[in-house]
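Participant: Sharing a structure with you now.
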Amino acid sequence: MKREHMEQINTATKAVQVKKNINHFYFVACGGSMALMMPARYILDCECEIPATVYTANEFVHRIPKALGTDSVVITCSMRGKTPETVEATRLAKEKGALTISLSHNIGSPLWETTEYPIHYDWLDEPDMTNHNHTILHCLIFKILNAIQPNEKYERACRCIDKMDGIFKANIEKYSSKAIEFGANYKREKVIYTMASGGNYGPAYSFAICLLMEMQWINSNAIHSGEYFHGPFEITDADVPFIIIKGIDKSRYLDERAYSFCKKYTNKIVLIDAADFDMKDIDEDLKGYFASIVTGVVLRGYADALADHRGHPLTVRRYMWRMEY
Ligand SMILES: O=P(O)(O)OC[C@H]1O[C@](O)(CO)[C@@H](O)[C@@H]1O
């Protein structure tokens, strides 16, 4: 990881450490940037007694959570740093006295200027993927955990961060032919559902709403594996495609149950099982947490292949950033 990224993370962590009675961690962003925060919230929720919630920025702004105040830590994220809802949520949080930390690819953006503790991340043109948003956020979360409740586990987690570039690349390679197969076989589908739970729900949600709906104009919905049996399973049929993620965290059973049922009624399932990920050198008790960000990277490969086979670049939008909304 680049030195400036680590310094920004350490500065933000120190500011959190100074707060003695943190009442709530709020993760606030929009779309893909919000989905990015779900695995981070999952880690905090599993490891720490302080409540953590993910908000879409405009709901945060309009609802203004009652507990938001001087004891709160608000972590916001925006790739371009210009999404008005996210900038406003950060401004509001600061006004309420909360500690604000913001991740952005865009130094000097409105978000960067609004927040107290900005953290930069690189994106696809940076070869070392430990500088990308997912790993920067994981690093921040484990550093915060270690600052507020020191534990050798979190120190080990911080050391795992350096190994993630190799792990991402090994898994991109491992899944590259499967991704191409997916692109070729699914290019004419009008609808593709995703299903996951636990730390993998965020990547599944991001794939559904951003990569399929926004960037490919393919109908989709991210179904929570636990919720599948409470409505969505009624649409299961031989011609209804699903991408099912089986995680290796505490909710794996939910994914296995959904997969077992689904596969009885359709063969149109693309299964991505995190147990097959190449996670060498990651400590056993931390694999589940890191696998969720590998899922996102693997899914991105599937989206690239789909876009390629459809001749529909991921950059094309009809409305986003083009029309008034
Ligand atoms: O991360 P930013 O710059 O706030 O952008 C948010 C927008 O980008 C996406 O995450 C992906 O294009 C959208 O879902 C969302 O509207």
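The values are calculated or read from the model by the stated rules, or taken from the named source; none is laboratory data. Keep in mind it's a predicted model, so treat the numbers as computed, not measured. All Cβ positions, glycine included, derive from the backbone under ideal geometry; neighbour counts span all protein chains shown.
Participant: Filter the range 51-69 for residues that are of a type in the set (A, V, I, L, M) and either crowded, with 18+ Cβ neighbours inside 10 Å or touching a Ser or Thr at 6+ places or on another chain (Cβ under 6 Å) (or both) and give the result.
Facilitator: Passing the criteria: Ala52, Val54, Ala57, Val61, Leu68.
Participant: Residues in the range 36-82 that are farther than 24 Å from Asn200 by Cα, of a type in the set (A, V, I, L, M) and within 16 Å of the ligand (Cβ to nearest atom): how many?
Facilitator: 1
Participant: Moving on to the next point. If a residue must be surrounded by 16 or more Cβ atoms within 10 Å (Cβ to Cβ) and among the basic types (Lys, Arg), how many such residues does the range 241-254 contain?
Facilitator: 2
Participant: Right, another one. Within the range 137-148, can one find any residue that is touching an Asp or Glu at 6+ places or on another chain (Cβ under 8 Å), more than 16 Å from the ligand (Cβ to nearest atom) and in the same structural domain as Val74 (by TED's automatic domain parsing)?
Facilitator: Within the range 137-148, the first condition is being touching an Asp or Glu at 6+ places or on another chain (Cβ under 8 Å), and the residues that meet it are 145-146.
If we keep only those that are more than 16 Å from the ligand (Cβ to nearest atom) too, we end up with 145-146.
This time we only want the ones that are in the same structural domain as Val74 (by TED's automatic domain parsing), so: 145-146.
Yes, the range 137-148 has at least one match.
Participant: Same structure, new question: Of everything in the range 102-121 that's assigned to a strand (DSSP E or B) and within 15 Å of the ligand (Cβ to nearest atom), which residue is nearest to Arg322 (Cα to Cα)?
Facilitator: Only one residue fits best here, namely Ser104.
Participant: Of all residues in the range 17-41, count the ones that are among the polar types (S, T, N, Q) and within 12 Å of the chain's Cα centre (by Cα).
Facilitator: So the answer is 1.
Participant: Got a number for residues in the range 179-232 being of a type in the set (Lys, Arg) and touching a residue at least 60 places away in the same chain (Cβ under 8 Å)?
Facilitator: So the count comes out to 1.
Participant: Quick test for you: out of Ala52, Ala35, Ala67, Ala57, pick the one residue that is closer than 24 Å to Lys163 by Cα, at pLDDT 95 or above and not aromatic (Phe, Trp, Tyr).
Facilitator: Sole residue among the options that is closer than 24 Å to Lys163 by Cα, at pLDDT 95 or above and not aromatic (Phe, Trp, Tyr): Ala35.
Participant: Let me ask something additional. Taking Asp281, is it more than 20 Å from Met213 (Cβ to Cβ), part of a loop (DSSP other than H, G, I, E, B) and not basic (Lys, Arg)?
Facilitator: Taking the combined requirement at face value, the residue satisfies it.
Conditions tested, residue by residue: (1) surrounded by fewer than 22 Cβ atoms within 10 Å (Cβ to Cβ); (2) farther than 24 Å from Ser260 by Cβ; (3) not β-branched (Val, Ile, Thr).
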| residue | (1), (2), (3) |
| --- | --- |
| Tyr175 | no, no, yes |
| Gly183 | yes, yes, yes |
| Phe233 | yes, no, yes |
| Thr236 | yes, no, no |
| Asp239 | yes, no, yes |
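Participant: Determine, yes or no, whether Glu85 is within 16 Å of the ligand (Cβ to nearest atom), in contact with a helix residue (DSSP H, G or I) (Cβ under 7 Å, 6 or more places away or on another chain) and either part of a loop (DSSP other than H, G, I, E, B) or of a type outside the set (Gly, Ala, Ser) (or both).
Facilitator: Here the answer is yes, as Glu85 does meet what is asked.
Participant: Name the single residue that is farthest from the ligand (Cβ to nearest atom) among those in the range 88-97 being surrounded by fewer than 22 Cβ atoms within 10 Å (Cβ to Cβ) and within 22 Å of Thr11 (Cβ to Cβ).
Facilitator: Selected residue: Gly97.
Participant: Among what's in the range 70-82 and is of a type in the set (Ser, Thr, Tyr) and surrounded by fewer than 24 Cβ atoms within 10 Å (Cβ to Cβ), pick the residue that is farthest from Gln17 (Cα to Cα). Spell out how you get there, then give the answer.
Facilitator: Here is the first cut: in the range 70-82, the residues of a type in the set (Ser, Thr, Tyr) are 70, 72, 76, 78.
Subset that is surrounded by fewer than 24 Cβ atoms within 10 Å (Cβ to Cβ): 70, 72.
Numbers: Thr70: 14, Ser72: 12 Å.
Ranking the qualifying residues of the range 70-82, first place goes to Thr70.
Participant: Something else: Which of the residues that make up the range 17-35 are farther than 15 Å from Gly81 by Cα and either within 11 Å of the ligand (Cβ to nearest atom) or not in a strand (DSSP E or B) (or both)?
Facilitator: Gln17, Val18, Lys19, Lys20, Asn21, Ile22, Asn23, Ala35
Participant: Could you look through the range 52-67, keep only residues that are in contact with an Asp or Glu (Cβ under 8 Å, 6 or more places away or on another chain) and not in a helix (DSSP H, G or I), and pick out the one that is nearest to Ile144 (Cα to Cα)?
Facilitator: Among residues in the range 52-67 that are in contact with an Asp or Glu (Cβ under 8 Å, 6 or more places away or on another chain) and not in a helix (DSSP H, G or I), the one nearest to Ile144 (Cα to Cα) is Ala52.
Participant: Also, quick follow-up: Name the pairs whose Cβ atoms lie under 7 Å apart, with the first residue in the range 300-322 and more than 15 Å from Ile192 (Cβ to Cβ) and not assigned by TED's automatic domain parsing to the domain that holds Asn219, the second assigned to a loop (DSSP other than H, G, I, E, B) and within 15 Å of the ligand (Cβ to nearest atom), and 6 or more positions between them or separate chains?
Facilitator: Cβ pairs passing all conditions: Tyr319/Tyr325.
Participant: Taking the range 211-264 as the region of interest, how many residues are under 30 Å from Val316 (Cβ atoms) and in a strand (DSSP E or B)?
Facilitator: 8
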